[in-house]
1. Tell me whether segment B:867-884 contains one or more residues that are in a loop (DSSP other than H, G, I, E, B) and acidic (Asp, Glu).
2. Since A:Asp62 meets every condition but one in (1) among the charged types (D, E, K, R); (2) buried (at least 20 other Cβ atoms within 10 Å of the Cβ); (3) closer than 26 Å to A:His234 by Cβ, which condition does it not meet?
3. Any idea which of B:Ala456, B:Ala487, B:Ala446, B:Ala462 is among the small types (Gly, Ala, Ser) and touching a residue at least 40 places away in the same chain (Cβ under 8 Å)?
4. Within segment B:323-363, work out how many residues are within 9 Å of another protein chain (Cβ to nearest Cβ), farther than 17 Å from B:Pro296 by Cβ, surrounded by fewer than 21 Cβ atoms within 10 Å (Cβ to Cβ) and of a type in the set (D, E, K, R).
5. Is there a residue in segment B:303-315 that is farther than 29 Å from B:Met766 by Cβ and either surrounded by fewer than 19 Cβ atoms within 10 Å (Cβ to Cβ) or among the acidic types (Asp, Glu) (or both)?
6. Looking at (1) in contact with a strand residue (DSSP E or B) (Cβ under 7 Å, 6 or more places away or on another chain); (2) within 9 Å of chain B (Cβ to nearest Cβ); (3) among the β-branched types (Val, Ile, Thr), which is the one condition that is false for A:Val86?
7. Hey, among the residues in segment A:369-401 that are surrounded by fewer than 18 Cβ atoms within 10 Å (Cβ to Cβ) and over 28 Å from the mean Cα position of the chain (by Cα), which one's nearest to the other protein chains (Cβ to nearest Cβ)?
8. Residues that are within 22 Å of A:Glu186 (Cα to Cα): list the strands (runs of 3 or more DSSP E) wholly contained in segment A:292-410 that include at least 1 such residues.
Amino acid sequence: MINSLFLINPSGEMFLEKHWKSVVSRSVCDYFLEAKEKALEPEDVPPVIHTPHHYLISIYRDKLFFLSVIQTEVPPLFVIEFLHRVAEMIQDYFGECSETVVKDHMVMVYELLEEMLDNGFPLATESNVLKEMIRPPTILRSVVNTLTGTSNVGDTLLTGQLSTIPWRRAGVRYTNNEAYFDVVEEIDAILDQSGTTVFAEIQGVVEACVKLSGMPDLTLSFMNPRLLDDVSFHPCVRYKLWESERVLSFIPPDGNFTLMTYHVNAQNLVAIPVYVKQSISFFECGSDGRLDVTVGPKQTMGKTVEGVMVTVHLPKTILSINLTATQGSYTYDNGTKLLVWDIGKLNPQKLPNLRGSLSLQAGAPKPEENPSLNIDLKIQQLAISGLKVNRLDMFGEKYKPFKGVKYITKAGKFQVLTITASINKYT
Amino acid sequence: MTDSKYFTTTKKGEIFELKAELNSDKKEKKKEAVKKVIASMTVGKDVSALFPDVVNCMQTDNLELKKLVYLYLMNYAKSQPDMAIMAVNTFVKDCEDANPLIRALAVRTMGCIRVDKITEYLCEPLRKCLKDEDPYVRKTAAVCVAKLHDINAQLVEDQGFLDTLKDLISDSNPMVVANAVAALSEIAESHPNSNLLDLNPQSINKLLTALNECTEWGQIFILDCLANYTPRDDRESQSICERVTPRLSHANSAVVLSAVKVLMKFMEMLPKDLDYYSTLLKKLAPPLVTLLSAEPELQYVALRNINLIVQKRPEILKHEMKVFFVKYNDPIYVKLEKLDIMIRLASQANIAQVLAELKEYATEVDVDFVRKAVRAIGRCAIKVEQSAERCVSTLLDLIQTKVNYVVQEAIVVIKDIFRKYPNKYESVIATLCENLDSLDEPEARAAMIWIVGEYAERIDNADELLESFLEGFHDESTQVQLQLLTAIVKLFLKKPTETQELVQQVLSLATQDSDNPDLRDRGYIYWRLLSTDPVAAKEVVLAEKPLISEETDLIEPTLLEELICHIGTLASVYHKPPSAFVEGSRGVMHKRLPARTGSGESTESPDVGTAAGGSAPEAAPSIIPSQGDLLGDLLNLDMAPPTTSGPPPPTTGMQMGGMDLLGGGLDSLMGDESEPLGGDIGGSPAMGAGFGAAPAVMPASLNAPVGGGLGDLFDLGGVGMPMGAYIPPKIVWLPAMKAKGLEISGTFARRAGVIQMELILTNKAMSVMTDFAIQFNRNSFGLAPAGPLQVLTPLGPNQTIEVSLPLSTVGPVMKMDPLNNLQVAVKNNIDVFYFSCQYPISMLFVEDGKMERQVFLATWKDIPNDNESQFQIKDCHLNSDAASSKLQGSNIFTIAKRTVEGQDMLYMSIKLSNGIWVLAELRVQAGNPNYTISLKCRAPEVSQCVFQCYEAVLKN
């Protein structure tokens, strides 16, 4: 099972280590640091590294490496999932996951890690359970603790630890009982030069924030559940009922959790909300080129597209650019050759356009690579797949909860391929 | 208030200050102090000096303080074992606490303190906790057994904890079951042969029930454990599958993949015509696709596993090509894996899309990725015939980019395309030749040279092109040199008139100026071929090449089956069996997919069988993997050929053996036209008729090796042979895992004056093996096969055959280390495999090894004393006469015996097959089981081996 965990910052410094079995020397990380040196980007470090005596399995998240050391045959996915859980736990407890935060709460992180694994076996990884055992820091509590001498550590055995619903603690009380669901969909798409969809799919997730007293039993049903053929659920969802009746029936964990994720990859169901007209070209002779990008709405179901942003990695040989945007503003970093055009809201009457000239380094040949445009966007109150929640019912408790559903669509990995053309003379 | 404040004190008196605070009366101050200590500990500062003070804080009812002290203890107990004893009492007391949380915490912490003295005290509390009324305590105790086992395995067994743990599998609480399974699995890993997880239908049922109710991590343990079970029949298999399927929708990807493993394994047992079977297949695709939208690290592991699944059951993902398209911001390790799977899934239906993608990738920035993309285009061409034309034109476009590594990579794959579709795309050769100068990688150069050689008749200036390569012949890598040699010989055979000089030049470069044996051997073979019979040479060198197979990097079926059983593990990420790399894999058992056993008669119908056979990848026998194609045109020249025509029994085999490499090999290649090669062929300048100009420049050195090798023929006299020569037991030389399913075990024997290599060949792969051949590397005593390997019938799956191969001692000689080391190459229709073994030198002791007494005396005196070595043979209970007759059986001859003061001195002589004499004096004292032996020999390096034989013979 998992032997040790090291937290490493991007400069290669190990700032936290935790061992669940015998202590493994820090020097084992050298193999990892070597691999990190070789990789161009921190994202490119291979997640599984084989050393003579250990395996190093790592993830890169929030600009930190979480590196675990294992010695025996352990499912790597198990380890990777666990590492993500650690990152989520830190995020959950302290509001963000960063080196500073971990250093500020070193002892608590250490206590938490001890609760999460025993001898390398996961012990308590549910945020609800952990929070019962070690209470998250709040300003109020630390003041109270100092005054009264009480501690952050719970001293009773959690009822939830062993019941058949480990994700929910007993005796939850709220004055305002509320249940909110966010349906968030991300479009991953690749469009080719002419705007044809090469590939498109929707990654959807239903995030829940449930603050209900007692032991509520919820049933969530959709208008069009047939859309969902590929789903994965939080353990609380009764799978049998989904199979037979296509409803989500569950006793929810307390607080925020991910109820389900799904994905829709049937091409005809994936609407592409924007189109991009672009041309990047270079003069056959001379060292100049032109860039012209226009973004317009396509299938938006009558909603406004907001937060539109276009990111391009320009060819390495570009020396400088001179562009004008009809809407929004652009930034360009000459070091990384990264061009970011922040458009904002899309106005169908007046399409935003970015155009101007590119100049190449003197004598450099026409660039070979075809930069691709990454598009970011957001549409409020719309799930682009058309998924709609029908109703939410509650059983088992008597009060009437506040209920709400929010929809949002975002761009995930949304890219438009380009082709650099050559032009003979200025037109 | 944050913890960073704990790090601010860096003054010298820090430890003292902490000490004072730890001993403070105020609880709050104590706790703060312990926190400071822990904080220092977490960043790697040594605070072990505070051990007694921290342990003193352990007696408290404040749970947080207790936990903090425990954290400290776990870290430092090992370095201060004596002090750690101080804590034992508190632990024992805590294990009796009324609060289950405290009981569990105590037993959990105790298990983490890896100090022997503490573990002794742990046993009693642990026993109680394993039977605790509270499941939380039981589940913690279960893990503690695994911890204890890690520290002291014997103790755990003696105390009967393993049985208690097994009982916990039937516990009423699913969490306890899951932890018991996890603990047992971990323990079982260090005891591969124990029946710790002895699964039966009842326990399986318990596990399946627990599966629904335990945590996600527990589900992983249970699923991995289920995967080790072999259901009794297809019904049981189906019912397990049905109960596992809902796990495919779990949010935890590790649960999903473990479930996939169970299903992939148990599906094997289901009849293919069952409706459920196809339903299951359909259900597997979506979860696998979903894994690809997870974090990149998860994607990577998933992709490595999908790679296996696609090879085993391509139908699952055949419609999901698009999800494997590479995204711009995928990490490079994900991109490379996706590319691999794209090619595996490429088919006529989707090839257009795939090609468009690949072309896009070939213009990206990352060099490794671009190379792989170019290679992928070539593989598509080979795999999908309809697309070949388009692939070739895409490759040509890429060559036009003139990007150096793209061009080289493209040329390498175009060579493969030529092999697959001969005489179809030669029009592009002109374009290729334009890029000759930019090739700087050996593989690309070799590929280009191959193309020029192969199509020499269509390239006007082929001779010039090849000549340009020849200038720097010695600086080229072996790959290029070999290729250049072959290409020029091809050129010569096609255009003999203009290229004589060139061919002579390359032959002399290869044979005279090179110290690479492969190159030299190939050079000589060509030279001799050309000089003997150019017609035959033409037939050999320009023979029609076998087609290359479509899929070049498929995993061998036995390995693939094993890996499928290991889906989701490290083995599946590395595509190697766990035994190959897991640290201290104490003989990990190979896992196999279960064979299908039907519960009813109907499922055994023959059409089911054929359906199953049809889905398995079939390997046509005439196809060899393209990796070998650089050597393909050499055919099997470097191996003794398979004996399909049944050569004469090796009565004269002793003499023939030495020239097996040349004689036997070429014989059957050249067919009836050629005369058997005589021993003098290398010596005489009998050059072929059409090779007029050559004789004059034939170097003299050519004669030497051949003449020497053949002239030196040996007679292994027919001296009568006493029976009872020592034959070591057969051992496995080549395990099946290393040889794509072929297992070879064997031994050496000397029977009636003939050395024999006795082999057992076992086919553990799924396909039939044919065309066996064997060859030895040069070795210390010139051992060589005296005849071909006689495996006349094809070796079917799971068949075993015993073969005995007569050996001669007239092969080429090279000193090995150890002296009796023998490197062997065995070939079959699948591949060539190499292994090395050690033979008992006693098989080289010849029958006429009895020396005259006088000669013995004189020789003994003659050999300098420096050459004498003395050994002890321990625990031998034979008397001198029995020893003497036993040794005689192995051709160790006693010449004289002397008895001095109750000590028998036996004088013996041995003659090795290469004429080396070894003289020995064996001293046997009655009643003393230890013999002393002195060996004298002019070549003292054999003494060690001879001594080993003495020991082996006397003790058996």
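The values are calculated or read from the model by the stated rules, or taken from the named source; none is laboratory data. Quick caveat: nothing in here was measured; it's all calculated off a predicted structure. With ideal geometry, Cβ positions are generated from the backbone for all residues, glycine too; neighbour counts draw on all protein chains shown.
1. Of segment B:867-884, the ones in a loop (DSSP other than H, G, I, E, B) are B:874-879.
Then keep just the ones that are acidic (Asp, Glu); that gives B:875.
Within segment B:867-884, one or more residues are in a loop (DSSP other than H, G, I, E, B) and acidic (Asp, Glu).
2. Looking at each condition in turn, A:Asp62 falls short on (2).
3. Working: B:Ala456 fails: touching a residue at least 40 places away in the same chain (Cβ under 8 Å); B:Ala487 fails: touching a residue at least 40 places away in the same chain (Cβ under 8 Å); B:Ala462 fails: touching a residue at least 40 places away in the same chain (Cβ under 8 Å).
Testing whether each residue is among the small types (Gly, Ala, Ser) and touching a residue at least 40 places away in the same chain (Cβ under 8 Å) leaves just B:Ala446.
4. Matching residues across segment B:323-363 total 1.
5. Narrowing segment B:303-315 to residues farther than 29 Å from B:Met766 by Cβ: none.
Checked against the condition, which is being farther than 29 Å from B:Met766 by Cβ and either surrounded by fewer than 19 Cβ atoms within 10 Å (Cβ to Cβ) or among the acidic types (Asp, Glu) (or both), segment B:303-315 yields no hits at all.
6. So the condition that A:Val86 fails would be (2).
7. For segment A:369-401, the residue satisfying everything is A:Glu369.
8. Details: elements: A:305-313, A:318-325, A:329-333, A:338-344, A:353-360, A:373-380, A:389-395.
Result: A:305-313, A:338-344, A:373-380, A:389-395.
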